[in-house]
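Take a look at the structure set out below.
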Amino acid sequence: MRKLVYYVAVSIDGFIAGPGGESDFYPEAPDMVEHLRAEFPETMPTHIRPHIGLDGVPNKRFDTVLMGRGTYQPALDAGVSSPYAHLRQYVVSRSLPDIADPAVELVSEDPIGLVRRLKAEDGDGDIWLCGGGVLAGQLLPEIDELLFKRYPVVAGDGVPAFAGQFRPRPFAPVETLTFSHGGTLTTYRPTA
């Protein structure tokens, strides 16, 4: 069965973006960037892939991406209606009236039903939960793996990694890679 994987950047204090959606405060390290490009090339937006040597590089882990409106909106604001054209794209939103690009499917219903249908499909690629925190909170019961790129920075405020109901769910770290700037990539899996 395909897995739902929440692969996201997060600050030390648990924020995935600033209060205005900012993500440019994450410090970069060349060894981390190179690892992420090599292991998760499909997570790089289609419009920048040619500029970073990933044009034509096949997907390695994911074939589908889910994102909330807050994650999709910056692409729209930049004039990009299909940010991950090399993946099947779903935007979960009750406030977005429509999406003009036929390569991106708008989902206004319960996202848990969508995820269960996607998981039941045949295929080798996993489903990438790209963000945001509200969608991750809604999908918490369906998340099979967390891949947290934890950057050595405190945001202080912003979009939390999970937002919504209080419903603790235990996860255990199964692997942590540490990079030159002190940032880490930790894989967590549910324990119960």
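None of the figures in this text is laboratory data; all of them are computed from the coordinates on show. No experiment lies behind these values; they were computed from the predicted model shown. All Cβ positions, even for glycine, are placed from backbone atoms using ideal geometry, and neighbour counts span all protein chains on display.
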Given N residues in segment 40-125, what is Rg(Cα) / (2.2 N^0.38 Å)? 1.11
Pick out, in residue order, every one of the GluC sites (Glu not before Pro) in segment 100-192 that is DSSP loop and has at most 11 other C-beta atoms within 10 Å; say none if there are none. 109
Work out the charge dipole of the chain with +1 on the Cβ of Lys and Arg and -1 on the Cβ of Asp and Glu about the Cα centre, then indicate which of 64, 95, 163 is farthest towards its positive end. 163
Given +1 on the Cβ of Lys and Arg, -1 on the Cβ of Asp and Glu, and no further charges, what dipole in debye does the chain carry about its Cα centre, rounded to the nearest 20? 460
Can you give the percent of C-alpha pairs in segment 1-87 whose distance is more than 19 Å? 46
Label 7 Å along Cα→Cβ of residue 177; segment 122-163 residues with amide nitrogen under 17 Å? 146-152
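Could you state the per residue volume, in Å³, of the convex hull enclosing the Cα atoms of the chain?
It is 127 Å³ per residue.
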